[in-house]
(Lines give C-alpha, C1' and ligand atoms only; values in the text may rest on other atoms or scores of the structure.)
Protein backbone atom coordinates (compact mmCIF):
# COMPACT_ATOMS: atom_id res chain seq x y z
CA UNK A 1 0.00 0.00 0.00
CA UNK A 2 2.84 2.39 0.89
CA UNK A 3 4.56 1.50 -2.38
CA UNK A 4 1.45 2.41 -4.35
CA UNK A 5 1.09 5.68 -2.42
CA UNK A 6 4.70 6.71 -3.13
CA UNK A 7 4.26 5.83 -6.80
CA UNK A 8 1.23 8.14 -7.11
CA UNK A 9 3.08 10.96 -5.33
CA UNK A 10 6.07 10.55 -7.63
CA UNK A 11 3.90 10.74 -10.74
CA UNK A 12 2.20 13.87 -9.39
CA UNK A 13 5.55 15.55 -8.68
CA UNK A 14 6.86 14.69 -12.16
CA UNK A 15 3.79 16.25 -13.76
CA UNK A 16 4.15 19.35 -11.62
CA UNK A 17 7.79 19.75 -12.58
CA UNK A 18 6.92 19.43 -16.30
CA UNK A 19 4.25 22.18 -16.06
CA UNK A 20 6.61 24.52 -14.26
CA UNK A 21 9.38 23.95 -16.80
CA UNK A 22 7.28 25.05 -19.87
CA UNK A 23 8.25 28.74 -19.76
CA UNK A 24 11.89 27.88 -20.20
CA UNK A 25 12.61 30.88 -22.49
CA UNK A 26 13.10 34.12 -20.60
CA UNK A 27 10.38 36.79 -21.14
CA UNK A 28 7.96 34.53 -23.10
CA UNK A 29 4.52 33.49 -21.93
CA UNK A 30 1.81 31.26 -23.42
CA UNK A 31 -1.80 31.61 -24.16
CA UNK A 32 -4.33 28.94 -25.03
CA UNK A 33 -6.94 30.11 -27.51
CA UNK A 34 -9.99 27.91 -27.44
CA UNK A 35 -12.14 29.70 -30.02
CA UNK A 36 -10.89 31.57 -33.10
CA UNK A 37 -13.25 32.90 -35.78
CA UNK A 38 -13.02 35.48 -38.59
CA UNK A 39 -15.11 38.63 -38.28
CA UNK A 40 -17.61 38.97 -41.11
CA UNK A 41 -16.33 41.24 -43.89
CA UNK A 42 -18.56 44.16 -44.95
CA UNK A 43 -16.72 45.28 -48.05
CA UNK A 44 -17.78 45.22 -51.66
CA UNK A 45 -17.16 47.38 -54.69
CA UNK A 46 -19.32 49.06 -57.29
CA UNK A 47 -16.88 49.94 -60.05
CA UNK A 48 -17.37 53.53 -61.16
CA UNK A 49 -14.35 54.31 -63.32
CA UNK A 50 -16.52 54.58 -66.43
CA UNK A 51 -19.34 56.55 -64.82
CA UNK A 52 -20.09 59.79 -66.65
CA UNK A 53 -19.34 62.90 -64.59
CA UNK A 54 -22.89 64.17 -65.16
CA UNK A 55 -24.55 61.09 -63.66
CA UNK A 56 -25.93 60.66 -60.15
CA UNK A 57 -25.53 57.27 -58.47
CA UNK A 58 -28.04 56.11 -55.86
CA UNK A 59 -27.87 52.90 -53.84
CA UNK A 60 -30.97 51.83 -51.93
CA UNK A 61 -30.92 48.97 -49.45
CA UNK A 62 -33.79 46.61 -48.63
CA UNK A 63 -34.23 48.55 -45.38
CA UNK A 64 -35.07 51.70 -47.35
CA UNK A 65 -31.83 53.49 -46.52
CA UNK A 66 -30.34 55.33 -49.48
CA UNK A 67 -26.86 56.53 -50.34
CA UNK A 68 -26.65 59.18 -53.07
CA UNK A 69 -23.50 60.36 -54.81
CA UNK A 70 -23.51 63.58 -56.81
CA UNK A 71 -21.85 63.67 -60.25
CA UNK A 72 -18.08 63.37 -59.99
CA UNK A 73 -18.12 62.26 -56.35
CA UNK A 74 -18.60 58.50 -56.74
CA UNK A 75 -15.72 56.60 -55.08
CA UNK A 76 -13.97 53.72 -56.83
CA UNK A 77 -15.23 51.31 -54.18
CA UNK A 78 -18.18 51.42 -51.80
CA UNK A 79 -18.44 49.49 -48.56
CA UNK A 80 -21.80 47.81 -48.08
CA UNK A 81 -23.18 45.23 -45.70
CA UNK A 82 -24.30 41.91 -47.23
CA UNK A 83 -27.85 42.04 -48.56
CA UNK A 84 -30.11 43.12 -51.44
CA UNK A 85 -29.76 46.54 -53.06
CA UNK A 86 -31.08 48.58 -55.96
CA UNK A 87 -28.71 50.64 -58.06
CA UNK A 88 -30.08 53.76 -59.74
CA UNK A 89 -28.13 55.90 -62.17
CA UNK A 90 -29.58 59.07 -63.69
CA UNK A 91 -28.62 62.49 -65.02
CA UNK A 92 -29.62 66.01 -64.02
CA UNK A 93 -32.65 66.02 -66.33
CA UNK A 94 -34.10 63.17 -64.27
CA UNK A 95 -33.11 64.88 -61.03
CA UNK A 96 -34.89 68.07 -62.14
CA UNK A 97 -37.81 66.14 -63.70
CA UNK A 98 -37.05 67.92 -66.96
CA UNK A 99 -38.56 65.79 -69.71
CA UNK A 100 -37.93 68.30 -72.48
CA UNK A 101 -34.93 70.23 -73.75
CA UNK A 102 -32.53 67.57 -72.47
CA UNK A 103 -31.64 63.93 -72.94
CA UNK A 104 -33.20 61.91 -70.13
CA UNK A 105 -30.90 59.15 -68.83
CA UNK A 106 -32.05 56.65 -66.23
CA UNK A 107 -31.46 53.04 -65.24
CA UNK A 108 -32.25 50.90 -62.23
CA UNK A 109 -31.24 47.34 -61.49
CA UNK A 110 -31.07 45.09 -58.42
CA UNK A 111 -27.85 43.55 -57.16
CA UNK A 112 -26.67 41.38 -54.30
CA UNK A 113 -23.82 41.84 -51.90
CA UNK A 114 -22.29 38.69 -50.42
CA UNK A 115 -20.00 38.58 -47.45
CA UNK A 116 -16.33 38.77 -48.38
CA UNK A 117 -17.00 39.03 -52.11
CA UNK A 118 -16.63 41.89 -54.60
CA UNK A 119 -19.52 42.58 -56.89
CA UNK A 120 -18.30 44.26 -60.10
CA UNK A 121 -20.95 46.33 -61.81
CA UNK A 122 -20.69 47.66 -65.34
CA UNK A 123 -23.68 49.87 -66.10
CA UNK A 124 -24.82 51.32 -69.41
CA UNK A 125 -27.43 53.99 -68.77
CA UNK A 126 -29.88 54.38 -71.67
CA UNK A 127 -31.72 57.44 -72.90
CA UNK A 128 -35.39 56.83 -72.06
CA UNK A 129 -37.08 59.80 -73.67
CA UNK A 130 -37.01 60.57 -77.40
CA UNK A 131 -36.07 63.55 -79.50
CA UNK A 132 -37.40 65.45 -82.50
CA UNK A 133 -34.94 67.42 -84.60
CA UNK A 134 -35.49 69.83 -87.49
CA UNK A 135 -33.10 69.76 -90.44
CA UNK A 136 -33.99 72.01 -93.35
CA UNK A 137 -32.42 71.53 -96.78
CA UNK A 138 -29.78 73.84 -98.20
CA UNK A 139 -31.22 77.09 -99.56
CA UNK A 140 -34.44 76.84 -97.54
CA UNK A 141 -33.91 80.17 -95.79
CA UNK A 142 -33.39 81.82 -99.19
CA UNK A 143 -36.60 80.39 -100.59
CA UNK A 144 -38.51 81.02 -97.35
CA UNK A 145 -37.01 84.03 -95.54
CA UNK A 146 -39.54 83.78 -92.72
CA UNK A 147 -40.45 80.43 -91.18
CA UNK A 148 -41.36 78.76 -87.90
CA UNK A 149 -41.61 75.13 -86.85
CA UNK A 150 -43.47 73.68 -83.87
CA UNK A 151 -43.80 70.09 -82.66
CA UNK A 152 -46.27 68.66 -80.15
CA UNK A 153 -46.32 65.39 -78.20
CA UNK A 154 -48.21 64.38 -75.08
CA UNK A 155 -49.72 67.82 -74.78
CA UNK A 156 -46.31 69.50 -74.75
CA UNK A 157 -45.41 71.92 -77.55
CA UNK A 158 -41.94 73.14 -78.51
CA UNK A 159 -40.61 75.47 -81.18
CA UNK A 160 -37.51 74.52 -83.15
CA UNK A 161 -35.09 76.26 -85.45
CA UNK A 162 -33.03 74.53 -88.09
CA UNK A 163 -30.58 72.13 -86.45
CA UNK A 164 -32.25 72.18 -83.02
CA UNK A 165 -33.59 69.19 -81.10
CA UNK A 166 -36.27 68.94 -78.43
CA UNK A 167 -37.16 65.95 -76.24
CA UNK A 168 -40.40 64.39 -75.08
CA UNK A 169 -41.43 61.85 -72.51
CA UNK A 170 -41.95 58.37 -73.92
CA UNK A 171 -45.13 56.31 -73.61
CA UNK A 172 -46.28 53.16 -75.37
CA UNK A 173 -48.87 55.01 -77.46
CA UNK A 174 -46.96 58.25 -77.89
CA UNK A 175 -47.43 60.25 -81.09
CA UNK A 176 -46.00 63.42 -82.59
CA UNK A 177 -47.50 66.17 -84.72
CA UNK A 178 -45.71 69.16 -86.23
CA UNK A 179 -46.39 72.31 -88.25
CA UNK A 180 -44.12 74.37 -90.49
CA UNK A 181 -45.18 77.90 -91.37
CA UNK A 182 -43.16 79.54 -94.13
CA UNK A 183 -43.58 82.80 -96.05
CA UNK A 184 -42.26 83.57 -99.51
CA UNK A 185 -43.18 86.45 -101.84
CA UNK A 186 -45.74 87.56 -99.30
CA UNK A 187 -47.53 84.25 -99.38
CA UNK A 188 -47.77 82.11 -96.24
CA UNK A 189 -47.57 78.36 -96.56
CA UNK A 190 -48.55 76.05 -93.70
CA UNK A 191 -47.50 72.41 -93.78
CA UNK A 192 -48.36 69.80 -91.19
CA UNK A 193 -47.49 66.21 -90.45
CA UNK A 194 -47.54 63.53 -87.77
CA UNK A 195 -45.82 60.31 -86.79
CA UNK A 196 -48.59 58.17 -88.31
CA UNK A 197 -47.21 59.17 -91.71
CA UNK A 198 -43.77 57.72 -91.05
CA UNK A 199 -44.36 54.54 -93.03
CA UNK A 200 -44.59 52.14 -90.12
CA UNK A 201 -41.79 53.70 -88.11
CA UNK A 202 -42.86 53.68 -84.46
CA UNK A 203 -41.46 55.99 -81.83
CA UNK A 204 -38.99 54.29 -79.50
CA UNK A 205 -36.99 55.29 -76.47
CA UNK A 206 -33.53 56.62 -77.09
CA UNK A 207 -34.16 57.73 -80.66
CA UNK A 208 -33.97 61.16 -82.26
CA UNK A 209 -36.26 61.57 -85.25
CA UNK A 210 -35.26 64.15 -87.84
CA UNK A 211 -37.96 66.05 -89.72
CA UNK A 212 -37.01 67.66 -93.01
CA UNK A 213 -38.63 69.57 -95.86
CA UNK A 214 -38.63 68.10 -99.38
CA UNK A 215 -38.72 70.50 -102.31
CA UNK A 216 -39.93 67.82 -104.73
CA UNK A 217 -43.16 67.15 -102.85
CA UNK A 218 -43.26 70.45 -100.93
CA UNK A 219 -43.95 68.50 -97.77
CA UNK A 220 -42.48 67.54 -94.44
CA UNK A 221 -41.20 64.01 -93.92
CA UNK A 222 -39.07 61.85 -91.71
CA UNK A 223 -35.46 61.89 -92.83
CA UNK A 224 -34.30 58.47 -93.96
Residues of region 181-193 being under 19 Å from residue 166 (Cα atoms) and either at pLDDT below 90 or surrounded by 15 or more Cβ atoms within 10 Å (Cβ to Cβ) (or both), which ones?
181, 193
Flagged in region 79-89 as surrounded by fewer than 18 Cβ atoms within 10 Å (Cβ to Cβ) and assigned to a loop (DSSP other than H, G, I, E, B), in numbering order, are 79, 81, 82
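Scanning for something part of a strand (DSSP E or B), touching a strand residue (DSSP E or B) at 6+ places or on another chain (Cβ under 7 Å) and either assigned by TED's automatic domain parsing to the domain that holds residue 82 or in contact (Cβ under 8 Å) with a residue 40 or more places away in the chain (or both), does region 195-207 turn up at least one residue?
Pass one, region 195-207, residues part of a strand (DSSP E or B): none.
No, region 195-207 contains no residue that is part of a strand (DSSP E or B), touching a strand residue (DSSP E or B) at 6+ places or on another chain (Cβ under 7 Å) and either assigned by TED's automatic domain parsing to the domain that holds residue 82 or in contact (Cβ under 8 Å) with a residue 40 or more places away in the chain (or both).
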Restricted to region 150-164, and to residues that are in a strand (DSSP E or B) and either in the same structural domain as residue 89 (by TED's automatic domain parsing) or out of contact with any helix residue (DSSP H, G or I) (no Cβ under 9 Å at 6 or more places or on another chain) (or both), which residue is surrounded by the fewest Cβ atoms within 10 Å (Cβ to Cβ)?
159
For region 211-221, name all the residues that are surrounded by fewer than 15 Cβ atoms within 10 Å (Cβ to Cβ) and closer than 19 Å to residue 160 by Cβ.
214, 219
Failed condition for residue 97, given (1) touching a residue at least 24 places away in the same chain (Cβ under 8 Å); (2) loosely packed, with under 14 Cβ neighbours inside 10 Å, with all others met?
(1)
Check off (1) closer than 30 Å to residue 93 by Cα; (2) outside any loop (DSSP other than H, G, I, E, B); (3) touching a helix residue (DSSP H, G or I) at 6+ places or on another chain (Cβ under 8 Å) for residue 175 and give me the number that stays unchecked.
(2)
If I ask for residues that are under 14 Å from the mean Cα position of the chain (by Cα) and assigned to a loop (DSSP other than H, G, I, E, B), which ones from region 61-72 would you list?
70, 71, 72
Within region 116-149, the residues that are loosely packed, with under 15 Cβ neighbours inside 10 Å and in a strand (DSSP E or B) are 146, 148
Does residue 135 fit the bill of being modelled with pLDDT of 90 or more and in contact with a strand residue (DSSP E or B) (Cβ under 7 Å, 6 or more places away or on another chain)?
yes
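The values are calculated or read from the model by the stated rules, or taken from the named source; none is laboratory data. These numbers were taken from a predicted model, which means no experiment stands behind them. Cβ: placed from backbone, ideal geometry, glycine included. Neighbour counts: every protein chain shown.
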